[in-house]
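Contents: one structure, followed by commentary.
The values are calculated or read from the model by the stated rules, or taken from the named source; none is laboratory data. Small disclaimer: the values here were computed from a predicted structure and weren't measured. All Cβ positions, even for glycine, are placed from backbone atoms using ideal geometry, and neighbour counts span all protein chains on display. SASA here: full protein model, heavy atoms, side chains in, ligands and nucleic acids out. Shrake-Rupley method; radii C 1.70, N 1.55, O 1.52, S 1.80 Å.
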Amino acid sequence: MVGSMKILLAVSKRYARLIIDAIVDVKPKPKITILSLDEEVAILAKTLGIEYRSDLSIEKLYTSEELEEYDMAIVAMDDDQDNIVLVRTAKSMNIPIIISLLNDSSNRDLLLKEGVRYIIDINEFTVNSIKSLFLTDTWVYMRFPCVVNLMVAFHRIARRGILGVILKELEDAVSEVNVRFMLLDRSGRVAIDSLRTIETGDIIVVLGLEQDVKKAMNKIENVFRKHEEIFARRYAESLRTTTRGYG
């Protein structure tokens with residue numbers, strides 16, 4: 001019988017409840033050990049019946065040989081420098097999967113240099129969630145730290161719905177890029193008619209590895225820019241014609 005996963009959680013009170021709620025329902029139920037200096041986290045761990053330790057000092061962690069038995073470490077402190085130090089310690093314990101929260105997007109490269117492959121950028125999720133609600137004719141993307149470099153990008157159509165872009169033009173543009181591409185109509189159904197005109201309210205979805213998604217986004221943007229230039233020329237010509245007519 002395969003044993004349950006063993007998860008080491010180094011966390012501040014700011015993130016404790018959120019992360020614990022996310023992992024306690026995993027099946028089979030994982031064995032969780034919480035490392036924290038916050039009394040509120042200690043109380044939470046006791047209430048939920050989770051093992052709690054306050055020995056967050058590097059010296060004590062390095063001498064904790066049992067930490068090498070853990071399958072995963074989740075590091076979620078309020079300061080990215082603390083995250084980096086704890087990530088380094090978890091790596092020294094040969095814990096195979098290390099996930100780190102990122103409080104400041106400018107520190108991403110520091111975590112990457114530590115060899116962290118799974119990074120959850122709090123700001124990125126917040127900003128893109130807001131964008132997806134309010135912004136149109138712009139790209140919104142999200143990374144998935146559970147799968148390295150996986151990204152999904154969305155583009156909600158508004159003013160570009162008058163350009164006359166055909167779905168097949170976008171399909172052809174991304175055909176040689178290794179991504180999953182689809183168009184959702186305003187009711188959420190996948191559009192399958194390649195001759196369908198892109199309309200206001202449609203949502204373009206691109207899924208794949210980050211570098212491929214960005215390449216596909218650029219190709220789609222090129223299609224839209226081409227139509228925008230044509231539309232602008234036609235509009236300018238119509239203005240000149242109208243002006244001459246009044247002359």
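What to note about this one:
- Hey, Gly164 open to solvent by 30 Å² or more (accessible area, probe 1.4 Å), in a loop (DSSP other than H, G, I, E, B) and in contact (Cβ under 8 Å) with a residue 60 or more places away in the chain or not: yes
- Residues that are in a loop (DSSP other than H, G, I, E, B) and open to solvent by 50 Å² or more (accessible area, probe 1.4 Å) within region 69-90 comprise Asp71, Asp78, Asp79, listed in sequence order.
- Lys226 vs. criteria closer than 16 Å to Ala153 by Cα and open to solvent by 70 Å² or more (accessible area, probe 1.4 Å): no
- Set Glu66, Glu59, Glu39: member being modelled with pLDDT of 90 or more, open to solvent by 60 Å² or more (accessible area, probe 1.4 Å), more than 30 Å from the chain's Cα centre (by Cα) and of a type in the set (Asp, Glu): Glu39
- Taking the criterion of being outside any strand (DSSP E or B), modelled with pLDDT of 65 or more and either surrounded by 15 or more Cβ atoms within 10 Å (Cβ to Cβ) or in contact with a strand residue (DSSP E or B) (Cβ under 8 Å, 6 or more places away or on another chain) (or both), the residues of region 118-132 that qualify are Ile122, Asn123, Glu124, Phe125, Asn128.
- Residue under evaluation Glu171, criteria (1) open to solvent by 30 Å² or more (accessible area, probe 1.4 Å); (2) outside any helix (DSSP H, G or I), criterion not met: (2)
- With respect to the conditions (1) under 26 Å from Asp121 (Cα atoms); (2) modelled with pLDDT of 85 or more; (3) open to solvent by 80 Å² or more (accessible area, probe 1.4 Å), Lys46 lacks only one, and its number is (1).
- Considering only residues in region 204-223 that are within 12 Å of Arg160 (Cβ to Cβ) and hydrophobic (A, V, I, L, M, F, W, C), the one that is most open to solvent (accessible area, probe 1.4 Å) turns out to be Val223.
- Some residue of region 91-106 being buried (at least 17 other Cβ atoms within 10 Å of the Cβ), among the small types (Gly, Ala, Ser) and modelled with pLDDT under 90: no
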